[in-house]
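Peer 1: Structure incoming, see below.
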Amino acid sequence: MEPRSGDLSKSKLPTDGELVAETLGGDRKAFDQLINRYQRQAVAVSYRLLGNSHDALEVTQDAFVKAFTSLSTLQKPEAFGGWLMRIVSNLSLNFRRSRKTRSQLPLDDLLGPVEGSAGDSGGSEWMARGGDPLHRLESEEMGRRLKTALGQLPEKQRLAIVMFTIEEMPQRDVAAALQCSVEAVKWHVFQGRKKLKELLKDVI
Amino acid sequence: MDREFLISQYADGTISDADRAALEAILAQDADARALLAGEQRLTRFLSAANAPMQVVHWDALAARISAAVDRAEEPAPSYRLVSRWSPVGMALAASLLIASSIGISVYLSTQHTGAVLPQQTAIANPVLIVTGPVAEAAPNGVAEVSIGPAPQLAGNSDVSRYSSDLVTHQSRLIIASGINPPTSTDAFSLPY
């Protein structure tokens, strides 16, 4: 069962496979369409793994560059989305190790204020919109707890939870990103949720 | 299938229609199953509520920046389909050649680097190893020990002493056994190193 719609093949837009083929054929603009199609998802996944907007943008840019230079190694062009998310997640997981030696890109011009709230410290858009300071603090604490709990999950469970449960990516794309079957994604999500319930039992 | 697994899938909306019907029948009758489902739903609400909001991203500007970074990157290589073009035997041969070449180059470079000089056999006028006497025949149980090393008359030869210190680090001993009677002394097989 695949309730979340990520299938673009039924629309009139070119499919990922077509855009990959056009890019490999020398059409650079085709890759720009892939950038526009996947940049939100890439930033979101990286942000959930890193907890920092600047880092997420930097990783996203690096991921697209890596995807472009490695595009001919993509075995299934239709699976570009999942493949890109694998690059994003790998770069995100490696990012902290190299953070100290990296030069920060000037990305401030790409970022505005936090959506619906006054801070970027781990709170909830859902709760912060009300502007109630007490609720905002509560929301930020929840965000911190979630981040800590996610950090305690095995890597595949963490990625499955972030991509599928939080970012609502199609299971097929998550499977491509994790290089496993859809059934394995379901199992990782199940095991991850089970551990999260245990880790967060005092707040849920 | 594990009931908890089904309930988790029910909560995140990925359960199959067939399993959904069966699980709903269970949920209607089983309070424990309903408690499990309530726990899953609480977690789902928490995950939704605890999602940290991002700063607003100017997506058009980000796309332009990524595109510019891609422009600066190398063009994608036309193909990496070596595996499908080459037979396994061809790949194995290529790999063998590569390994052999690597070893050859490594050996060459290591000798160049260390400046090691191989012994010039022609520089030694006299033999290094001399075995004297029919010691095997003289041994009462068919066992004899033969010492191997520089001949005594070459002890003062600087070439021999130089190479012998490199090539023979211990006083070597060769055990020769013959005849049908095995040696009775185990000491005969105890090498001194």
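Peer 1: So which residues in the stretch A:171-200 are more than 9 Å from chain B (Cβ to nearest Cβ) and outside any helix (DSSP H, G or I)?
Peer 2: Correct list: A:GLN179, A:CYS180, A:SER181.
Peer 1: In the stretch A:1-21, what residues are within 12 Å of another protein chain (Cβ to nearest Cβ) and modelled with pLDDT of 80 or more?
Peer 2: The answer is A:VAL20, A:ALA21.
Peer 1: Restricting attention to the stretch A:29-36, does a residue exist that is away from chain B (no Cβ under 12 Å), out of contact with any strand residue (DSSP E or B) (no Cβ under 9 Å at 6 or more places or on another chain) and within 22 Å of B:ALA64 (Cβ to Cβ)?
Peer 2: No, the conditions are met nowhere in the stretch A:29-36.
Peer 1: Within the group B:ALA61, B:ALA68, B:ALA77, B:ALA52, which residue is modelled with pLDDT under 75, within 30 Å of A:ASN52 (Cα to Cα) and not hydroxyl-bearing (Ser, Thr, Tyr)?
Peer 2: Result: B:ALA52 is the single residue among B:ALA61, B:ALA68, B:ALA77, B:ALA52 that is modelled with pLDDT under 75, within 30 Å of A:ASN52 (Cα to Cα) and not hydroxyl-bearing (Ser, Thr, Tyr).
Peer 1: Scan the stretch A:29-88 residue by residue and report those that are outside any helix (DSSP H, G or I) and closer than 25 Å to A:LEU146 by Cα.
Peer 2: Result: A:GLY51, A:ASN52.
Peer 1: OK, next. Only residues that are charged (D, E, K, R) and either in contact with a Phe, Trp or Tyr (Cβ under 7 Å, 6 or more places away or on another chain) or facing chain A (nearest Cβ under 7 Å) (or both): list them for the stretch B:5-39, please.
Peer 2: Correct list: B:ASP12, B:ARG20.
Peer 1: I'm checking my understanding of the structure. Among residues of the stretch A:152-170 that are within 12 Å of chain B (Cβ to nearest Cβ) and within 19 Å of B:GLU40 (Cα to Cα), which one is surrounded by the most Cβ atoms within 10 Å (Cβ to Cβ)?
Peer 2: This residue is A:ALA160.
Peer 1: Here's a follow-up. Might you let me know whether the stretch B:40-49 holds any residue that is under 30 Å from A:PHE64 (Cβ atoms) and at pLDDT 80 or above?
Peer 2: Yes, the conditions are met somewhere in the stretch B:40-49.
Peer 1: If you check A:LEU57 against the conditions, is it closer than 24 Å to A:GLY143 by Cβ, crowded, with 19+ Cβ neighbours inside 10 Å and within 7 Å of chain B (Cβ to nearest Cβ)?
Peer 2: yes
Peer 1: For the list (1) modelled with pLDDT of 90 or more; (2) crowded, with 21+ Cβ neighbours inside 10 Å, I need the number of the one condition that A:GLN191 fails.
Peer 2: Condition (2) is where A:GLN191 drops out.
The values are calculated or read from the model by the stated rules, or taken from the named source; none is laboratory data. As the structure is a computational prediction, the values presented were derived from the model and not from experiment. Cβ atoms come from the backbone with ideal geometry, glycine included; neighbour counts cover every protein chain shown.
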